[in-house]
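Q: Take a look at this one; I'll ask things after.
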Amino acid sequence: MQGKVAVITGAASGIGLAVAKRAAADGMKVVLADIEERALGDAARTLAATGAEVLAVVTDVSDGSSVEALRDRTLERFGAVHLLVHNNAGVEVVGPLWAVSESQWRWILGVNLWGVIHGIRVFVPLLIKQAAGHVVNTASLAGLSSPALMGPYNATKHGVVTISETLYRDLQLKGSPVGVSVLCPGYVRTGIAESHRNRPTWVDQGDSALAERGHAAARQFVEGGIAAEIVAEAVLDAVRANRFYIMTHPQTNAIVGTRMHEILEGRSPTPLPPSFVVIPYVAAPWHARSIASLEPSTTGVACQQSGFYGLCPF
Ligand SMILES: NC(=O)c1ccc[n+]([C@@H]2O[C@H](COP(=O)([O-])OP(=O)(O)OC[C@H]3O[C@@H](n4cnc5c(N)ncnc54)[C@H](O)[C@@H]3O)[C@@H](O)[C@H]2O)c1
């Protein structure tokens, strides 16, 4: 990793910042891209103070020309993008599907899905030309399952998973050595529950009391998550090992297995509230017939006793 150039979007906070710190600690030059100018400046100063070579570029990943400018600034400063392009910036919208406004859909699709599309369109041709590099796309466990009240988020993350799987196959078909990974974490303690801080003014947030209840619930779930540093370690590990799926919450893999079985056996989806990832199921066989049949830990029992939708904010 020493001396390689890593480009990371959504790098001013949470998972992106933790990956940038980890990459810098491994001797990489890091390009931090984020829409939040002040947080980006703080992150760049913190990293530079450790002796890392850092470039900070204010970027809106939902805007193709902004991502092209990010590539140009990176090449101007470092001459190449060697290794890691981490398409990571993301936001969330919480609420029942019928209450989500058109502008909320446009915002989340723009950041979570178009952000990844632009990152691939703009950076992958460079990596192919160099015949080296690795792309990491941040999806979520919500890209492999469909928890209630997270419809727009689920749609973008399923999109990121399938785009990543296809990119892997497209590169294989071309015989390119460029690597691809897709990151699918459960809840991680970051600023994601406050992602409305970056919501553009043209986004209609709808019923504000409902939105506040959604944020409060999301905050509670995120607080029960793992540290971003654990995720960063898993990302760098996967890049080194050229591993495709990065699953950071093994206790929840059964949720993915259950969904696959529901599809293959023609069963309807098992109820799955947005609090699903904070329930630490133990000894969960991947082939369990339903989430309810898994053996929950003490915390899981407490969550279940509060009522399946006890944590539903709506
Ligand atoms: N925290 C979790 O529980 C969790 C779980 C699974 C997946 N993820 C995903 O991880 C990624 C990182 O999120 P996080 O949890 O670290 O949250 P975070 O809010 O701490 O970080 C997200 C960053 O993205 C930036 N951003 C938002 N809109 C942007 C835009 N248009 N252009 C550029 N940057 C923009 C924000 O300013 C912020 O710095 C997201 O894709 C998120 O969906 C998070």
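Every number here is computed from the coordinates shown, using simple stated rules; none is lab data. Everything numeric here is computed off the predicted structure, so don't read it as measured data. Here the Cβ is made from the backbone with ideal geometry for all residues, glycine too, and neighbour counts use every protein chain on show.
Q: Counting only Cα atoms, I'd like the Rg/Rh figure for the range 1-139, Kirkwood definition for Rh. Spell out each step's value before the answer.
A: Numbers: Rg = 15.0 Å, Rh = 15.1 Å.
Result: Rg/Rh = 0.99.
Q: Over all directions, average the projected area of the Cα convex hull of the chain and note it in nm².
A: Details: hull surface 64.5 nm².
Projected over every direction and averaged, the Cα hull of the chain covers 16.1 nm².
Q: Output the relative contact order of the range 5-248, whole-number percent, from Cα pairs under 8 angstrom with separation of 6+ residues.
A: Working: 479 pairs, mean separation 52.4, N = 244.
Value for the range 5-248: 21 percent.
Q: In the range 90-181, if the dipole is taken from +1 on Lys/Arg beta carbons and -1 on Asp/Glu beta carbons about the Cα centre, which of VAL136, GLY175, THR162 is farthest to the positive end?
A: Farthest towards the positive pole: GLY175.
Q: Need one number: nm distance between label points at THR162 and LEU210, each 7 Å from Cα along Cα→Cβ, rounded to one decimal.
A: Result: 2.7 nm between the two label points.
Q: On to the next question. Please get the size of the charge dipole for the chain, origin at its Cα centre, with Cβ charges of +1 on Lys and Arg and -1 on Asp and Glu, quoted in debye to the nearest 20.
A: Working: 25 positive and 26 negative charges, 122 e Å.
The dipole magnitude comes to about 580 debye.
Q: Check ALA56: other-chain or 5+ apart residues with amide H under 5 Å from its amide H, H built from backbone geometry?
A: Correct list: LEU32.
Q: Which of LYS129, LYS21, LYS157 comes first, and how do the rest follow, when ranked by fewest Cβ neighbours within 10 Å?
A: On the way: LYS129 11, LYS21 20, LYS157 28.
Going from sparsest to densest Cβ surroundings: LYS129, LYS21, LYS157.
Q: Helix 14-25: angle to the longest alpha-carbon principal axis of the chain, degrees 0 to 90, nearest 10?
A: Rounded to the nearest ten degrees, it is 40.
Q: Show the residues, 5+ positions off or on another chain, whose built amide H is closer than 5 Å to the amide H of GLY133.
A: GLY179
Q: Listing ASP60, ASP72 from the residue with the fewest other Cβ atoms within 10 Å to the one with the most, what is the order?
A: Values: ASP60 22, ASP72 12.
Ascending Cβ contact count within 10 Å gives the list ASP72, ASP60.
Q: Show the residues, 5+ positions off or on another chain, whose built amide H is closer than 5 Å to the amide H of PHE244.
A: Those qualifying (amide H under 5 Å, at least 5 residues apart or on another chain) number zero.
Q: Could you work out how far apart the two model spin labels at LEU264 and ILE230 are, taking each label as a point 7 Å from the Cα in the direction of the beta carbon, and quote it in nm?
A: With each label placed 7 Å out from Cα toward Cβ, I get 2.8 nm.
Q: Further question on the same structure: I want to make sure I understand the PRE zone here: with the label point 7 angstrom from the Cα of ARG106 toward its beta carbon, which residues in the range 20-37 have backbone N atoms less than 11 Å away?
A: none
Q: Starting from the Cα-Cα distance between LEU97 and LEU75, subtract it from 0.36 nm times their residue separation and give me the gain in nm to one decimal.
A: Values: separation 22, 0.36 × 22 = 7.92 nm, distance 4.15 nm.
Between LEU97 and LEU75, full extension yields 3.8 nm more.
Q: What value, in deg cm²/dmol to 500, does the helix sum -39500 (n - 2.57) over DSSP H runs of n ≥ 4 give at 222 nm once divided by the residues of the chain? Mind showing how you got there, number by number?
A: On the way: 10 runs with 137 residues, N = 314.
So the helix-based figure for the chain works out to -14000 deg cm²/dmol.
Q: On a full-extension model of 0.36 nm per residue, what is the gain between ASP237 and ALA25, subtracting their alpha-carbon distance, rounded to one decimal in nm? Mind dumping the intermediate values first?
A: Values: separation 212, 0.36 × 212 = 76.32 nm, distance 1.35 nm.
Once the chain is fully extended between ASP237 and ALA25, it gains 75.0 nm.
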